[in-house]
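Written out below as structure tokens is the structure these notes cover.
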Amino acid sequence: MNIINQKFMKRIIYLFIIAFFPFAISAQENMFVVYSIKGTVSVIENKVETKAKIGTILNANSSIKVAAGSFATLLCNETKMFSLSKAGNYTAASLADSCKTNNSSVSANYMKYIWSELTKSKGTPEKNRKNYMANVGAVGRGDINNVWVDPRLDSVNYVSGTIPLSWKAYTEAEEFDFKLYDDSKTKVLLAKTVKKKHVDISELLKLIQPGKIYYWSATVKGEPENQDRKYLHYVTKDNYVSFYNSVKQHDATETDAEMNFRLGFVLEENHYIAEAFNHYMKATQFDPTNSLYRFTFMSFKKDFEIK
């Protein structure tokens, strides 16, 4: 490479560094989004003060003002959550340290989902919450191609209530063979032919006992038996209460609607479908104007064939 080319390449590299450097700095800046507010909270940007709302985004040029007796909970960098309960005016720079550590008991998966929803462009559809859940199984169609069970129903933790064990068909089949097995996956406890693409757990209660594990399958009638068994755990109430108390951890700054929505997400992530349904429904009842709660609940019911 001659001297002229060397100088030319050095100049190109120099210009690239200069052009990229501002973006590198920008990428390191923290961004905050308002998750929850109570009382009088406002945001100041370009010397203009406006009332803070859930979903309000704070950047490097913003500050948030919390009045006496009020509080605001903020999300930072997707998985950091903290509350401001002391009256004062907080700049984005002064909140930077809150993004470095996270003492929140709220699951990181839940915070990622909320972050994605609150920071998305207006008018865009809700993102699928299942993409943010760690305990959802991988998609698979098993040994029989004509029947497919949603991976969220690969495992079900049942405590009480009524939920359907459902499946989808890739043919126009009118009848299906449903089987319930014991924990060996081989002994059949129930075999029945149904015309619908689900069997409600309430139909199995005479055959299953709390504390035990069962498996089930569905096959298009007339086809070879489906070897893909799905997991059903009838959880004792004591074990469920112990798990529930470990995730409830109600924060004084969290509203009833927020708590129920969060618990709905966590319970669904851990395959407690009936219990998740109850909490998603309560969230919409406590805050019927919240579109995120409403659309998530509608999507949940559609996903699990709950009427």
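In debye to the nearest 20, how big a dipole does the stretch 147-234 give about its Cα centre with +1 on each Lys and Arg Cβ and -1 on each Asp and Glu Cβ?
In total the dipole reaches around 220 debye.
Leaving out same-chain residues fewer than 8 places away, which aspartates and glutamates sit with a Cα under 20 Å from that of K112?
Cα-Cα hits under 20 Å: E29, E78, D97, E126, D251, E254, E258, E268, E269.
Under a Cβ-only charge scheme (Lys and Arg +1, Asp and Glu -1), can you give me the dipole magnitude of the stretch 32-104 about the Cα centre, in debye to the nearest 20?
It works out to roughly 160 debye.
So for the pair N89, N239, with labels modelled 7 Å out along Cα→Cβ, what separation do we get in nm?
Here the answer is 5.6 nm between the modelled labels.
For K51, go through the lysines and keep the ones whose alpha-carbon is under 17 Å away, minus same-chain ones fewer than eight residues off.
Leaving aside lysines fewer than 8 places away in the same chain, those within reach of K51 are K38, K65.
Any idea how far the Cα center of the stretch 170-248 sits from the one of the stretch 265-297, in Å?
24 Å
So how do 199-208, 296-305 stack up, highest first, on mean other-Cβ count within 10 Å?
Descending packing order for the listed peptides: 296-305, 199-208.
Where a Cα-Cα gap under 13 Å defines reach, which aspartates and glutamates qualify for K196, not counting those fewer than 8 residues away within the same chain?
By straight Cα distance, K196 reaches E172, E174, E175, D177, E305.
Would you mind ranking Y215, Y272 so that the residue whose beta carbon has the fewest other beta carbons within 10 Å leads the list?
Y215, Y272
For each pair in K185/K212; K230/K282; K53/K301; K206/K230; K185/K302, compute the distance between the two Cα atoms and list the pairs where it is over 24 Å.
K230/K282; K53/K301; K185/K302
Mind giving me the FRET efficiency for K221 and T255? R0 is 41 Å, r the Cβ-Cβ distance, nearest 0.05 is fine.
0.25
Find which of F265, V241, F277 sits farthest along the positive direction of the dipole of the stretch 217-303, computed with +1 on the beta-carbon of Lys and Arg, -1 on that of Asp and Glu, about the Cα centre.
So the residue furthest toward the plus end is F277.
Taking 0.36 nm per residue of sequence separation and subtracting the Cα-Cα distance, how much length would be gained by fully extending the chain between S299 and E172, in nm to one decimal?
Working: separation 127, 0.36 × 127 = 45.72 nm, distance 2.46 nm.
This chain segment gains 43.3 nm when fully extended.
Every number in this text was worked out from the coordinates using simple rules, so none of it is lab data. Keep in mind that what you see is a predicted model, and the values were worked out from it rather than measured. Every residue, glycine as well, gets a Cβ built from its backbone with ideal geometry; the counts of neighbours run over all protein chains shown.
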